[in-house]
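Reviewing the structure listed below.
Nothing in this text is a laboratory measurement; each read-out follows from the coordinates by a stated rule. None of these values were measured; they are calculated from a predicted model. Methodologically, a virtual Cβ is constructed for each residue, glycine included, from the backbone with ideal geometry; neighbour enumeration extends over all protein chains shown.
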Amino acid sequence: ASAQIGVTGLAVMGRNLARNFARGGCTVALHNRTEARTRELVEEFGDEGDFVPTTSAREFVAALRRPRCLVVMVKAGGPTDAVLEEFAGLLEPGDVIVDGGNAHFADTRRREAALRERGIHFAGTGISGGEEGALLGPSIMPGGSAEAYEVLGPLLERIAARAPDGAPCAAHIGPDGAGHFVKMVHNGIEYADMQLIAEAYDLLRKVAGRRPAEIAEIFRGWNRGRLDSYLIEITAQVLTHTDADTGLPFVDVVADRAEQKGTGRWTVQTALDLGVPVPGIAQAVFARSQSGHTGLRQAAAALPGPGAEPLPEAEADRFAEQVEQALYASKVISYAQGWDMIRAGSEEFGWGIDLSRVAAIWRAGCIIRAAFLDRIRASFAERPGLPTLLADPEFARELGGAQGAWRRIAAASARHGVPTPGISGALAYYDGLRAEHLPAALTQAQRDYFGAHTYRRRDREGTFHTRWGGDRAEVRTDQG
Ligand code: 6PG
């Protein structure tokens with residue numbers, strides 16, 4: 001047995017990870033259900049490093065040094081269970097299985113518990129960065145036991161992306177499902193970020209009358225400032241691309257129905273269970289789903305809009321600056337919600353997740369990598385108990401500075417009939433959190449009226465009910 005690590009499941013993500021390990025100097029055992037893929041990898045990339053191709057699960061396991069470390073890169077769900085079942089029987093106590101797919105964290109918790117009984121470490125691991133990241137350096141979010149990380153950590157840190165300060169973008173997140181949970185929230189934030197960028201584009205196009213190539217230029221400018229991020233960068237690339245067939249801007253030939261593989265939906269489902277408000281992520285998931293409802297859209301297509309004209313040219317540049325402010329402020333809100341969710345999950349499942357460390361390993365390699373993640377890292381490092389990113393003095397100051405423009409953009413989107421659930425929703429969240437009084441008081445009163453659900457008072461302790469159907473006297477309900 002000579003291999004330090006093995007990869008089973010050699011579709012593009014698995015193949016690129018295996019190559020990344022080999023290029024980093026590891027001897028990598030390879031396995032795939034159909035042998036042809038294994039052969040192809042060795043034929044095409046065999047000179048990149050040390051590969052040990054194998055043709056059966058048994059041979060694969062035998063090729064690994066102990067404690068064995070094997071990375072499973074197969075489809076989440078049933079295929080993962082099947083592979084785990086097959087390998088668990090061949091492994092020995094102390095061996096480590098890494099699931100690098102986008103598994104649901106609840107499945108990871110179940111699998112970890114089952115494998116732990118057999119003495120096998122199971123590290124459900126979030127890997128972000130797409131195909132290119134897998135090859136050149138992804139951001140890696142391993143869960144599972146600390147003992148597993150001792151074996152695994154040095155290998156993962158070797159292939160991970162490097163943050164600008166040189167730190168590897170891989171770190172132990174926490175026990176059992178913590179890694180996949182954090183990856184799920186990463187994807188939720190990714191959805192929110194993409195939705196906000198899409199809204200900014202839509203506003204620049206429909207309200208400021210800018211063409212895609214011009215918008216690309218605006219985005220390139222933003223990418224030199226506080227919005228500096230991978231998603232803004234690729235948006236500019238996409239917007240400059242022309243369709244070869246028609247000569248039209250590429251964005252105009254793509255069908256406007258956004259799809260999803262489900263991690264954003266999981267984030268929102270989980271947030272509902274945890275009782276954490278993440279409306280920015282929810283709006284993004286619903287916006288994708290609304291875009292895909294062709295029947296609803298056709299049925300509503302004739303409804304009247306405001307008929308507002310695009311802005312005069314003289315106002316367009318100023319408008320673009322305001323969009324930048326609204327986009328940035330909304331982005332801060334989405335990330336704040338993401339971190340609230342990570343904290344809530346960590347508390348619920350007793351994971352002890354270091355919020356600053358999550359920001360640190362998202363600084364490079366992953367899809368939401370962005371310059372401002374270093375500020376989130378610093379913020380939670382300085383104040384681990386920070387209740388929300390909105391309370392960080394610097395972010396608070398920026399939000400305060402942006403709010404005027406943000407409100408004008410929300411108003412303009414309503415006036416021009418451009419849907420901005422992300423930007424306008426983020427503003428509503430901001431106003432909802434800072435409000436001294438919310439109409440939730442009225443909601444409570446209504447609940448008490450129709451269902452005797454009781455309410456609390458501002459001025460004294462206890463729970464109360466008003467006899468709405470009778471003499472309207474108030475009774476205290478929490479005392480015998
Ligand atoms: C990543 C991505 C990746 C995800 C795609 C597609 O971090 O590398 O999040 O894991 O599969 O982005 O997601 P949707 O199909 O749900 O948009």
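Annotations for the structure displayed:
- Here is the list for the range 391-480: GluC sites (Glu not before Pro) lying in DSSP coil, each with at most 12 other C-beta atoms within 10 angstrom of its C-beta, are E436, E461.
- Computed across the range 310-395, the Kirkwood radius stands at 14.4 Å (inverse of mean 1/r, all Cα pairs).
- Once the C-beta distance of R66 and V238 is scaled by a Förster radius of 41 Å, the resulting FRET efficiency is 0.30 to the nearest 0.05.
- Using just its DSSP H runs of length 4 or more, each adding -39500 (n - 2.57), the chain gives a mean residue ellipticity at 222 nm of -17500 deg cm²/dmol after division by all residues.
- Calculated FRET efficiency for the pair A391/H465, C-beta based, R₀ 30 Å, to 0.05: 0.30
- Tail fraction, Cα-Cα pairs, the range 184-434, threshold 33 Å, whole percent: 18 percent
- Projected-area mean, the range 77-181, by convex hull of Cα positions, square nanometres: 6.4 nm²
- Rounded to two decimals, the Cα-based Rg/Rh of the chain, with Kirkwood Rh, is 1.03.
- Computed over all pairs of different Cα atoms, the Kirkwood value for the hydrodynamic radius of the range 184-254 is 12.7 Å.
- With neighbour counts taken as other beta-carbon atoms within 10 Å, the residues R15, R456 rank, fewest first, as R456, R15.
- Percent RCO, i.e. relative contact order, over the chain, from Cα pairs under 8 Å lying at least 6 residues apart: 13 percent
- Highest mean packing comes first when the peptides 279-289, 351-361, 264-274 are listed by Cβ atoms within 10 Å, giving 279-289, 351-361, 264-274.
- Charge dipole (debye, nearest 20) of the chain; +1 at Cβ of Lys and Arg, -1 at Cβ of Asp and Glu: 820 debye
- Nearest-ten-degree value, helix 146-159 long axis tilted from longest Cα axis of the chain: 90 degrees
- Long-range tail of P(r) for the range 160-312 (Cα pairs > 26 Å, %): 42 percent
- The range 139-210 and the range 358-415 have Cα centres spaced 16 Å apart.
- When the alpha carbon gyration tensor of the range 1-126 is reduced to an equivalent ellipsoid, its three semi-axes come out at 23, 15, 12 angstrom, largest first.
- The antiparallel fraction among DSSP beta bridges confined to the chain stands at about 35%.
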